[in-house]
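Worksheet for the structure shown next.
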Amino acid sequence: MNLCDINYVKKLMQRYQTGTKKSFGQNFLINKSVPERIAYESFSYHKQKNSDKSAVLEIGPGIGCLTYELAREYDKVVAVEIDNSLIPILNETLGEFDNVKVINEDFLKLNLDEFFEKELSDCSVSVCANLPYYITTPIIMALLERARGKLTSITVMVQREVADRLCATTKKGDYGAITASIAYYGEAKKLFDVTPDNFLPPPKVTSSVVRIELYDKIPYEPKSEEMLFKTIQGAFSQRRKTLLNSLSASFSSLSKDKLSSIITDCGFDLNIRGEKLTIGDYVNLSNEILKELN
Ligand code: SAM
């Protein structure tokens with residue numbers, strides 16, 4: 001059985017009287033080498049970091065082609081799929097594995113603390129998924145914020161443009177609020193591109209696989225994480241404006257003069273833009289803003 005054979009996929013869906021749904025971001029992989037490589041990239045890193053029982057959380061298994069490869073690598077796979085019409089298909093395609101559990105839920109509505117405690121508490125865990133493009137950022141942010149300390153890595157396929165943003169640096173790429181936020185939790189690496197002809201139906205744009213390698217212990221100590229993320233959001237709230245102008249729109253209780261002196265005291269030019277600051281710079285800046293607000 002080749003879960004990536006386009007004729008097999010079409011017949012399977014016909015037999016279960018279902019089709020791919022745009023509303024759920026369904027673009028299924030139809031080239032076996034792609035899920036094989038994604039699963040390999042996820043597990044090889046996971047194994048390097050952990051020696052205990054391994055588990056992987058997959059969001060959106062579709063008809064199970066990536067799940068299949070993950071089940072051959074990890075001791076345990078927990079896959080969360082929103083589309084109930086795919087559940088009987090997954091029971092068939094993954095029937096040979098006793099280490100896979102499929103859960104029919106909207107991932108974004110799960111209580112992640114309870115979910116991890118119930119399903120994944122006895123193992124070291126990574127995330128691996130071909131993400132539905134319409135909710136890429138909320139899923140990644142939910143994992144970083146609400147599953148912190150529980151994950152080794154997050155290996156995901158996203159649109160190439162999003163991948164460039166996730167992996168940008170102050171020197172290159174499309175640096176945004178999510179770039180700085182991810183840098184707080186770990187290091188994002190772009191692994192490889194996947195062209196539209198590898199999917200059914202083909203998406204309009206090229207995709208990329210990214211691995212976010214999470215820190216065991218976050219190496220930054222902001223005085224307030226809430227203020228750190230407010231500062232990052234504020235710095236990117238007005239695209240193409242200077243850091244000073246963006247921050248003054250977000251911190252209206254601080255005068256422009258006060259913000260100017262905070263920025264220069266942190267060692268930056270007043271014309272600097274948000275994309276030139278590293279996560280360490282944002283930690284310092286947010287600590288200074290907090291001091292002024294208290
Ligand atoms: N893993 C399969 C593959 O690689 O061929 C399918 C990937 S497809 C891009 C995205 C999958 O995510 C679909 O199966 C879709 O139904 C599922 N999905 C979309 N929104 C979801 C949500 N909120 N929670 C869980 N699964 C979701």
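Exactly one residue out of Glu117, Glu105 is farther than 18 Å from Leu29 by Cβ, within 11 Å of the ligand (Cβ to nearest atom) and of a type in the set (Asp, Glu), and it is Glu105. Quick check on Thr67: is it touching an Asp or Glu at 6+ places or on another chain (Cβ under 9 Å), open to solvent by less than 60 Å² (accessible area, probe 1.4 Å) and hydroxyl-bearing (Ser, Thr, Tyr)? When the stated conditions are applied, Thr67 passes them.
Counting just the residues of the range 157-177 that are farther than 15 Å from Ile232 by Cβ and open to solvent by less than 20 Å² (accessible area, probe 1.4 Å), which one comes out farthest from the ligand (Cβ to nearest atom)? Only one residue tops the list, namely Ala163. If I filter the range 31-81 down to residues being within 9 Å of the ligand (Cβ to nearest atom) and among the β-branched types (Val, Ile, Thr), which single residue comes out as nearest to the chain's Cα centre (by Cα)? Selected residue: Ile59. Of all residues in the range 230-268, those that are within 25 Å of Glu145 (Cα to Cα), open to solvent by less than 40 Å² (accessible area, probe 1.4 Å) and assigned to a helix (DSSP H, G or I) total 7. Being within 12 Å of the ligand (Cβ to nearest atom), open to solvent by less than 10 Å² (accessible area, probe 1.4 Å) and at positive phi is the requirement here; does Gly25 meet it? The answer is no for Gly25. So, Ala180, is that one open to solvent by 10 Å² or more (accessible area, probe 1.4 Å), within 20 Å of Pro219 (Cβ to Cβ) and among the hydrophobic types (A, V, I, L, M, F, W, C) or not? When the stated conditions are applied, Ala180 does not pass them.
Of the numbered conditions (1) assigned to a helix (DSSP H, G or I); (2) assigned by TED's automatic domain parsing to the domain that holds His46, Val209 fails exactly one; give the number of that condition. Of (1) assigned to a helix (DSSP H, G or I); (2) assigned by TED's automatic domain parsing to the domain that holds His46, only one is false for Val209: (1).
Scanning the range 82-91 for residues that are open to solvent by 10 Å² or more (accessible area, probe 1.4 Å) and either under 20 Å from the mean Cα position of the chain (by Cα) or in contact (Cβ under 8 Å) with a residue 24 or more places away in the chain (or both) yields Ile82, Ser85, Pro88. Among the residues of the range 9-22, which ones are more than 8 Å from the ligand (Cβ to nearest atom) and either open to solvent by less than 80 Å² (accessible area, probe 1.4 Å) or over 27 Å from Lys190 (Cβ atoms) (or both)? Of everything in the range 9-22, those that are more than 8 Å from the ligand (Cβ to nearest atom) and either open to solvent by less than 80 Å² (accessible area, probe 1.4 Å) or over 27 Å from Lys190 (Cβ atoms) (or both) turn out to be Val9, Lys10, Lys11, Leu12, Met13, Gln14, Arg15, Tyr16, Gln17, Thr18, Gly19, Thr20. Taken over the range 82-102, the residue count meeting the criterion of being within 12 Å of the ligand (Cβ to nearest atom) and out of contact with any strand residue (DSSP E or B) (no Cβ under 9 Å at 6 or more places or on another chain) is 3. Looking at the range 188-198, is at least one residue of a type in the set (D, E, K, R), over 21 Å from Asn27 (Cβ atoms) and within 16 Å of the ligand (Cβ to nearest atom)? Scanning the range 188-198, I find no residue that is of a type in the set (D, E, K, R), over 21 Å from Asn27 (Cβ atoms) and within 16 Å of the ligand (Cβ to nearest atom), so the answer is no. Residue count for the range 155-184, restricted to those that are under 12 Å from Met141 (Cβ atoms) and among the aromatic types (Phe, Trp, Tyr): 1.
Looking across the range 120-137 at every residue that is within 16 Å of the ligand (Cβ to nearest atom) and either more than 23 Å from Glu41 (Cβ to Cβ) or of a type in the set (Phe, Trp, Tyr) (or both), the one that is surrounded by the most Cβ atoms within 10 Å (Cβ to Cβ) is identified as Tyr133.
The values are calculated or read from the model by the stated rules, or taken from the named source; none is laboratory data. Keep in mind that what you see is a predicted model, and the values were worked out from it rather than measured. Quick reminder, even Gly has a Cβ in these numbers, built from the backbone with ideal geometry, and neighbours come from all protein chains shown. Accessible surface areas use protein heavy atoms only, side chains included; no ligands, DNA or RNA. Shrake-Rupley method; radii C 1.70, N 1.55, O 1.52, S 1.80 Å.
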